[in-house]
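Every number here is computed from the coordinates shown, using simple stated rules; none is lab data. Source: prediction; values computed, not measured. Every residue, glycine as well, gets a Cβ built from its backbone with ideal geometry; the counts of neighbours run over all protein chains shown.
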Ligand SMILES: Nc1ncnc2c1ncn2[C@@H]1O[C@H](COP(=O)(O)OP(=O)(O)OP(=O)(O)O)[C@@H](O)[C@H]1O
Ligand SMILES: [Mg+2]
């Protein structure tokens, strides 16, 4: 995939404020984070600390209120919708907690979807990539099924295949096992681990310490900030006290 | 391209997967597109299609407008001068009109003969399909007679045999050689039906001597690039000479008219046509608003899909394209069904149509109309699809918030406002037309139509070529009709109210005893009408005698010269005096008319300008059944109407009459109706248009109600949880219904106000189609609005009732 060791994502002093009615919610306040190519990062922290918000900014689903974000050494924090769509399509693969497959499309079509949004990809290439990705996750025998005909674990595997098909620079996963039982959850984690071994860069949000251990590095968020692990423990203790 | 194919395929799958949604949307669109398409095909020829002549927009009708003659005309003598001197036209030709003529070899038939100059076909760019046009030499008074057959006559009478060229037929008893056959799509510029085209054979030497000579219609082909205005300007000098040569009183009232053949054909039908087309579009807009709302509610359920598509890289343009494609595919499906509906509507409307609306009977859903339907479908797809397609995909919701909340869409309200507004405009337009129609029909006619039967005759040229033969027939006819069983009284007249008198005359041609002639400032003094009637005319029609007496047998003696005036005429000629006993002279150049008439009676006015309560001054002369009766000096003296007061029914009487007439002339067709029917026929066109508009207004009203029903239904479904919570917290069940109805009725109200404004704007434009009612009539507008509000609120209330049935426990479990 990509050369390991180089910084893929560099985030500096990032803040995100949500304005709803007259309330300001500081979801992120001054986050610094850098992820190298080939790294496998797990992000954890208490509920509401801003994990999903950070992930959606990394994934260019949302824009930061302030701060710098370099993706592949390009500034991306102020791009318009069209630019972000394009980069998302090329560079980023998403895996959601609730799978988010499109119910009206078959397994094959779901995986194909990101590729159809690319300019001028020959149909044969597209097909090869889709089948590769589906084989990779062990779902090649279900191409004609609709998502509703699959189990949760199978759906998530298809979602992983969809994320892989575009050969993105990074896979982003938000609680990918959140809606799965432990057996299926472990299967998905194993899949991610295998992908990482083969060179994929992964950033995963999880609150399950067992799964966090799979990663090379853990990033802890607390109240919109990145904190060290010991500090997190102390803060949590304070909160409980 | 592959993206488009993919979108189309996906759209089709979407539609198949939601048969309920698809069915409702397609039916709604089919109604709207069907209505618009049907109206388009009805009015296409009137408004848009060009006349069926090469470079037809260069062709114009040219002439002078004067009060006593309908339409533009030229005296033949002026025509000869203009033809010689004009520079405005590359072709200049004339026709002395279309009249009945008899084809009388074996099994004689009455057809219509158009008399035209030899340059007529070349000027119009028409080539005979067989044979040739007649030559200038054949277009001479002494030349052997020749004729061109219409394609229809050629087929029906001669079986399309090419051998007829050169054959001789008998036309009005004279041997005539067939020289050619007109093409199938030949259309006479005045739209008169023409079976045979003959040379008009103007006798130039007679015409040159006769200033006011025969009246003809003139057509020109403008120089390429000229506008009608330019052509008209070039004719001005000739027209000014014409004015100078006219008698002084006429000079002020003459106008030059140059207008396209299209205008000539459709003149007053154009406004109604636009009205009908606009009503079709209105129904379509309402339908689009409905479908727009449906699509919006669909997209609520598909927000996750759109968000996912955006997340994996679909740009907004790409998403917009996909959603718009879906709408257009839907619209095209609706359009296809709409074409089916249009075929039905057009058939029905053509079947119901009264005569006299140009080109209506030719309306059909042809290729051109299908193209129109396709374009309309595309446009509707864009109209209802664009707005939902512009929705921003909520990508952030996929990660950050799990529930996709109900977004309150201002669009939905916009759709409601639009459709309610349009429905108000449609309804008020339809109600106005209906009121106007009722006014037309209830306006007193000034006569009694009960128990009066009417028969119309038209004597053929061949059997009745002169006054003597016509007079002889009329005389016997009068006697026979009076002897028919059940007839208490019967009369003959050349025309019947409320139609215009068959003949008119400038007032200046009449001289009232004891009154100075009109001053030069008064011009011709306006136009008055006259009818030639038999004595019982007034009592048969129940026209009131105000003073004096009506005609008696003694007035038919050769020496008697008496006149009956209607009230308007009495007032016009003898203001403030008693006209009875006064002398009136007809002051024409023609010395035969220089007779002194004594006024013997004044009758009540009858409507005599069609329906609509207008009365022009009118006088009556008695038919003496003498060859020197004044009527025989005028063209069209062969037409006669018989009226009879009788208690027996029309079919029985018709049989009796036919038998009786057959003994006189077995080939003469007899048309019988009641006077009531023949009056009602005059209201057919306004009734037809009102009926069409009413049907569209009802369709619009129902679609609007269905649309509102749909929106409120969806609102209730989407807010079930909220309602459940309210009820759980102690709100009365009915309050939720009220809330739903109230929140919708505000927008219905806004729509109604917009509709009232729209109706007031549209009113200005409808004014000339209405009779006896102001286009801004407050009562009508209020009724339309109230009717709409009632139906719309019902549409809102029915689904809102479901809100009372929400079980709070279920609602709380809803996630
Ligand atoms: N669209 C939004 N509008 C307003 N506030 C928001 C929005 N999205 C998130 N927030 C707020 O931002 C903060 C961070 O939310 P976020 O979803 O990132 O938390 P999280 O770490 O993913 O929590 P969890 O583990 O429960 O998923 C929360 O306080 C949340 O209420
Ligand atoms: Mg989260």
Checklist entry - Quick one: length gained pulling residue B:362 to residue B:268 fully straight, 0.36 nm per residue minus the C-alpha distance? => result 32.0 nm
Checklist entry - With r defined as the distance between the Cβ atoms of residue B:23 and residue B:347 and R0 fixed at 22 Å, what FRET efficiency is calculated, to the nearest 0.05? => result 0.35
Item to check | Max mean-square fluctuation residue, GNM over chain A, Cα-Cα springs under 10 Å, options A:76, A:17, A:160 | outcome: A:17
Checklist outcome for this item: Scoring segment B:57-184 by relative contact order with C-alpha pairs under 8 Å, at least six apart, yields a percentage of 21 percent
Item to check | Between 0 and 90°, nearest 10: helix B:684-718 axis offset from chain B longest Cα axis | outcome: 0 degrees
Item to check | Global form of segment B:464-666, assessed from the alpha-carbon gyration tensor, a/c cut-off 1.5 | outcome: prolate
Next on the checklist: Taking R0 as 45 Å, what FRET efficiency do you get between residue A:186 and residue B:390 from their Cβ-Cβ distance, rounded to the nearest 0.05?
Outcome noted: 0.55
Checklist entry - In degrees, nearest 10, range 0 to 90: what is the angle between the Cα axis of helix B:2-17 and the longest Cα principal axis of chain B? => result 90 degrees
Checklist entry - Among A:225, A:51, which comes first, then next, by fewest other beta-carbon atoms within 10 Å? => result A:225, A:51
Checklist outcome for this item: Calculated from DSSP helices alone, with each H run of at least 4 adding -39500 (n - 2.57) and the total divided by the residues of chain B, [θ]222 nm to the nearest 500 comes to -16000 deg cm²/dmol
Item to check | Gaussian network model of chain A, Cα within-10 Å springs - most flexible of A:141, A:214, A:32 | outcome: A:141
Next on the checklist: Is the C-alpha gyration tensor of chain B telling us rounded, prolate or oblate? Criteria: a/c under 1.5 is rounded; beyond that, a/b larger than b/c is prolate, otherwise oblate.
Outcome noted: prolate
Checklist entry - How big is the Cα convex hull of the protein assembly as shown in projection, averaged over all directions, in nm²? => result 58.6 nm²
Checklist entry - Between residue B:99 and residue A:124, what is the spin-label point distance in nm, taking each point 7 Å from the Cα along the Cα→C-beta axis? => result 8.4 nm
Item to check | Three-way shape call for segment B:135-258 based on the alpha-carbon gyration tensor, with the a/c threshold at 1.5 | outcome: prolate
Checklist entry - For the residue pair residue A:234 and residue B:761, what label-to-label distance in nm results when each label sits 7 Å from Cα along the Cα-to-beta-carbon direction? => result 7.1 nm
Item to check | Taking chain A and dividing mean pair separation by its residue count, relative contact order in percent (alpha carbons under 8 Å, at least six apart) | outcome: 29 percent
Item to check | For B:615, B:116, order by how many other beta-carbon atoms lie within 10 Å, fewest first | outcome: B:615, B:116
Checklist entry - Once you put a point 7 Å from the Cα of residue A:18 and another 7 Å from the Cα of residue A:81, both along the Cβ direction, what distance in nm separates them? => result 2.0 nm
Next on the checklist: If you take every DSSP beta bridge fully contained in the protein assembly as shown, what fraction is antiparallel? Give it as a percent rounded to 5.
Outcome noted: 70 percent
Next on the checklist: Calculate the FRET efficiency for residue B:208 and residue B:230 from the Cβ-Cβ distance with a Förster distance of 35 Å, rounded to the nearest 0.05.
Outcome noted: 0.70
Next on the checklist: Between 0 and 90 degrees, rounded to the nearest ten: what's the tilt of helix B:410-442 against the longest Cα principal axis of chain B?
Outcome noted: 20 degrees
Checklist outcome for this item: Proxy exposure order for B:178, B:286, B:756 (fewest C-beta within 10 Å first) is B:756, B:178, B:286
Next on the checklist: Taking the Cα centroid of segment B:514-562 and of segment B:328-375, what is the distance between the two, rounded to the nearest whole Å?
Outcome noted: 51 Å
Checklist entry - Hey, what number do you get for chain A at 222 nm if only DSSP H runs of n ≥ 4 count, each worth -39500 (n - 2.57), divided across all residues, to the nearest 500? => result -11000 deg cm²/dmol
Item to check | Sequence-separation-based contact order of segment B:1-101, relative, with Cα cut under 8 Å and 6+ spacing, percent | outcome: 8 percent
Checklist outcome for this item: Within segment B:107-223, the percent of DSSP beta bridges that are antiparallel, given to the nearest 5, stands at 50 percent
Checklist entry - Taking the Cα centre of each part, how many Å lie between segment A:78-152 and segment B:122-200? => result 75 Å
Next on the checklist: I'd like the mean, over residues of B:312-322, of how many other protein chain beta carbons sit within 10 Å of each residue's own Cβ.
Outcome noted: 6
Checklist entry - Considering only chain B, what is the antiparallel percent among its DSSP beta bridges, to the nearest 5? => result 80 percent
